[in-house]
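First comes the structure, then the notes that go with it.
No lab work stands behind these numbers, since they all come straight from the coordinates. These figures come from a predicted structure and were not determined experimentally. Using ideal geometry, Cβ is built from the backbone for each residue, glycine included, and neighbour counts are taken over all protein chains shown.
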Amino acid sequence: MSDVIPNEVELRFCDKSRSVKGKLAITRLPRLCDLLSETSGDVQVELNFAIDDRISNQKVRCVKGKLVAQLNLNCQRCMEPMLCSIAKEINLGLTENESELDEIPDFLEPFFAEQGLVSIVDLVEQEILLALPLIAKHELESCPAQQYVLTETKATEAEAKQNPFSVLKELRKDLK
Ligand SMILES: [Zn+2]
């Protein structure tokens with residue numbers, strides 16, 4: 001276990017049941033950075049390397065764990081920054097033979113460990129990219145662009161909500 005996340009670890013980590021835990025700077029993930037409005041902060045990484053033997057006669061090297069991050073995306077409605085919380089469960093089957101990727105059981109996502117090395121940086125980046133929302137948007141109520149997307153129905157609703165108060169205001173004026 002270590003606090004400094006290495007770029008890569010040996011596939012043999014699985015045989016030794018080793019773990020990688022700590023913070024990985026978002027700036028180490030260039031493809032992810034391209035999508036962010038702000039690249040400060042870290043991904044909290046917890047990866048446990050092991051052997052999965054749920055299928056008899058098939059021992060599969062695997063990595064399980066969790067990634068947690070707060071990412072600054074751009075809202076696709078107003079283009080303003082928005083904070084997005086990501087929590088991604090990791091459940092990968094590892095192999096150093098490309099031809100064996102197909103043999104990894106369905107309950108594990110295949111991940112290629114080229115030349116017996118597991119790229120932690122690639123793994124984290126890939127999994128975070130998979131966890132991102134397809135289209136990032138603020139909740140409508142908190143989106144600065146909401147006034148431009150109010151449908152006629154919603155506008156009518158909003159009017160209906162306002163009316164009783166404005167009527168009350170007028171009544172109060174009359175009473176004074
Ligand atoms: Zn927005």
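Regarding the range 68-75, can at least one residue be identified that is more than 16 Å from the ligand (Cβ to nearest atom) and either of a type in the set (Gly, Ala, Ser) or under 14 Å from VAL9 (Cα atoms) (or both)? Yes: one or more hits.
Can you tell me how many residues in the range 92-114 are surrounded by 18 or more Cβ atoms within 10 Å (Cβ to Cβ) and touching a Ser or Thr at 6+ places or on another chain (Cβ under 9 Å)? Count: 3. Remark: GLU89 matches the filter, which requires a residue to be surrounded by fewer than 14 Cβ atoms within 10 Å (Cβ to Cβ), closer than 21 Å to ARG31 by Cβ and in contact with a strand residue (DSSP E or B) (Cβ under 9 Å, 6 or more places away or on another chain).
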